[in-house]
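**Q** If you scroll down you'll find the structure; I have some questions about it.
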Amino acid sequence: MNDNSTTPTPATPDATPAGAPAKAPGRLRRLWRWFWSPSGTLSLGALLIIGFFGGIAFWGGFHTVVEATNTEAFCISCHEMEANVFREYRQTVHYTNRTGVRAVCTDCHVPKDWTHKMIRKVQASNDLLQHILGTVDTPEKFNAKRIQLATNVWRTMKTTDSRECRNCHDFIHMDWSVQEKRSAEKHQEAVRNANTCIDCHRGIAHRLPPGAQEAADKLWHELSQSSAPAPATPAGGVAAAR
């Protein structure tokens, strides 16, 4: 005996109610489904080859853009830089000297290693935002912010042991015998005291703002306090009185 009865199909949670118009998936959802759906025309090998060369093209383009933002021309494309700190830098030994070795903006302000370079690039997006907002678009605005801008750079150099300075200068490669007596003494003293370049060398590429020494002293004190070990706490949970 044949059973002609049909078993009703259980409704799925996604089923469209009877009589309701079917809702087409959004553009992003369709793109997402297409991206992850298996290819019916390309082999796995072809997909791997396309992905390999696509990755090379992407990496090459990304690297090209990053390096383009490391040029002096890019740095001074903002008039705030060209009209202020760049003109000061052109009057210093880092721009013109007897050896012809020039340090451009990124040599001092952008790390060489990949990780710290990318971190700096992300931070630099704030510079672009301030350019759009016109925060320092006049000499008056720039000079009003100069001590803050300088302090930010000093803080970075102090906390990284003047990492970018050491791209060109390093105590371990210095020949004290060919330096002037005072320079050799100061550099050897810096080595003994574990000092870093920015402790002494400020204002060598850009003009120091009024109150620079006081701002530097305050910053050094702040950093020394934040890096100092916490005082021991005696039994009972109360720090020892000083």
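Bear in mind that the values in this text are calculations on the coordinates, not laboratory data. Predicted model only: the values in this text are computed from it and were never measured. Here the Cβ is made from the backbone with ideal geometry for all residues, glycine too, and neighbour counts use every protein chain on show.
**Q** Cα atoms only: what Rg and Dmax, in Å, come out for the range 61-209?
**A** 16.6, 51
**Q** Quickly work out the ASP127-to-SER177 label distance, labels modelled 7 Å from Cα along the C-beta direction, and quote it in nm with one decimal.
**A** Rounded to a tenth, the inter-label distance reads 4.1 nm.
**Q** Can you give the local net charge around GLY211? Use residues other than it whose beta-carbon is closer than 12 angstrom to its beta-carbon, Lys and Arg +1, Asp and Glu -1.
**A** Overall, the nearby charge balance is 0.
**Q** If I model a spin label at ARG33 and LYS141 as a point 7 Å from the Cα along the Cα→Cβ vector, what separation in nanometres do I get?
**A** The answer from the label model is 5.0 nm.
**Q** Using a 7 Å offset from the Cα along the Cα-to-Cβ direction at both HIS63 and LEU149, what is the distance between the two label points in nm, to one decimal?
**A** Between HIS63 and LEU149, the simple spin-label model gives 3.3 nm.
**Q** Taking θ as phi - 60°, what are the ³J(HN,Hα) couplings along the range 122-136 by the Karplus curve (6.51, -1.76, 1.60), each to the nearest whole Hz, with x for Gly and Pro?
**A** Rounded to whole hertz, the list is 5, 4, 5, 4, 5, 4, 5, 4, 5, 5, 5, 6, x, 4, 10.
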